[in-house]
Amino acid sequence: MLADVRQVVWSMNPNLPLASVRTLHEIYDKSLARTSFTLVIQAIAGTMALLIGLVGIYPWMCSANQKLTDGSPTNSSSEIRLFEKSRLNRCIVSVAKVAQSNAD
């Protein structure tokens, strides 16, 4: 294909040099390479941050739950008691209680 392009261009103007002849598809792919790489790296970093955040927040929420439930009476309604059955939900409720006690 390059030879055909050279022949057509030089038939019109033999003094016109051809350098770095590429298709539009090659130019487009090269222009998006950096953007694609950046997006992949950001997705990996975001996923890692989410996982580290979840691993770091879960023990904190459970320790807050332990501090609230040790020796303190609970004023929970029956709906909240049902919600507190699972461990994660219990931790979420404890964080809500801490936030409520800080607001009071």
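The values are calculated or read from the model by the stated rules, or taken from the named source; none is laboratory data. The shown structure was predicted, so the numbers you read here are calculated from the model rather than taken from an experiment. Note: ideal-geometry Cβ built from the backbone for every residue, glycine included; neighbour counts use all protein chains shown.
Considering only residues of the stretch 1-22 that are surrounded by 10 or more Cβ atoms within 10 Å (Cβ to Cβ) and outside any helix (DSSP H, G or I), which is modelled with the highest pLDDT?
Taking the candidates together, the pick is Arg22.
Which residues, taken from the stretch 31-70, are at pLDDT below 85, of a type in the set (Val, Ile, Thr) and more than 15 Å from the chain's Cα centre (by Cα)?
Val55, Ile57, Thr69
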